[in-house]
Amino acid sequence: VQLQASGGGLVQPGGSLRLSCAASGSISSRNIMGWYRQAPGKQRELVASISNGLSTNYADSVKGRFTISRDNAKNTVYLQMNSLKPEDTAVYYCKVEQFLPHLIYWGQGTQVTVSS
């Protein structure tokens, strides 16, 4: 399974971006898809996740601004990011965790820079 992330870029504070991550190959029907980010000098942190049953989880810092969604038919997860702040600047990684068997896949990362 390979994950291909796209949609990053440079945006001004208050702007929006939409990230996409498509999984190629077969993944089990029970899975969680998510987005993580890593800023320079900081640890990678969870941004948002969504289960195959559409249960979502968000970091407190992005609640109300970011929305995660998925298209199961396309094995694709999206992250709509609104009201972006400079502190959202980071490399964003998508992750798929499947169960039975338990496997974890990571995408290659896409840079998001929020700056005026």
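The values are calculated or read from the model by the stated rules, or taken from the named source; none is laboratory data. Quantities reported herein were computed from a predicted structural model and do not represent experimental measurements. As a convention, Cβ positions derive from the backbone with ideal geometry for all residues, glycine included, and neighbour counts pool all protein chains shown. Note: accessible area is taken over every heavy atom of the protein model, side chains too, but ligands, DNA and RNA are not part of it. Shrake-Rupley method; radii C 1.70, N 1.55, O 1.52, S 1.80 Å.
Quick rundown of the values:
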quantity: Estimated FRET transfer efficiency when R0 is 35 angstrom, pair T67-R44 (beta carbons, to 0.05); calculated: 0.95
quantity: Estimated D of region 1-61 in µm² per second, where Rh is the Kirkwood radius over Cα pairs and Stokes-Einstein applies at 20 °C, 1.002 mPa s; calculated: 157 µm²/s
quantity: Cβ-defined net charge surrounding M33, 14 Å radius [Lys, Arg +1; Asp, Glu -1]; calculated: +2
quantity: Carbon/sulfur fraction of accessible area - region 56-96, other protein chains in place, 1.4 Å, %; calculated: 44 percent
quantity: Assigned charges on the beta-carbon of Lys, Arg, Asp, Glu; region 50-116 dipole about Cα centre (debye); calculated: 120 debye
quantity: Tail beyond 20 Å, pair distance distribution of the chain (Cα, percent); calculated: 35 percent
quantity: Cβ charges +1 (Lys, Arg) and -1 (Asp, Glu), total dipole of the chain, debye; calculated: 60 debye
quantity: Relative contact order %, the chain, counting alpha carbon pairs below 8 Å whose residues are six or more apart; calculated: 37 percent
quantity: Accessible area of F99 in the full protein assembly, 1.4 Å probe (Å², nearest 10); calculated: 60 Å²
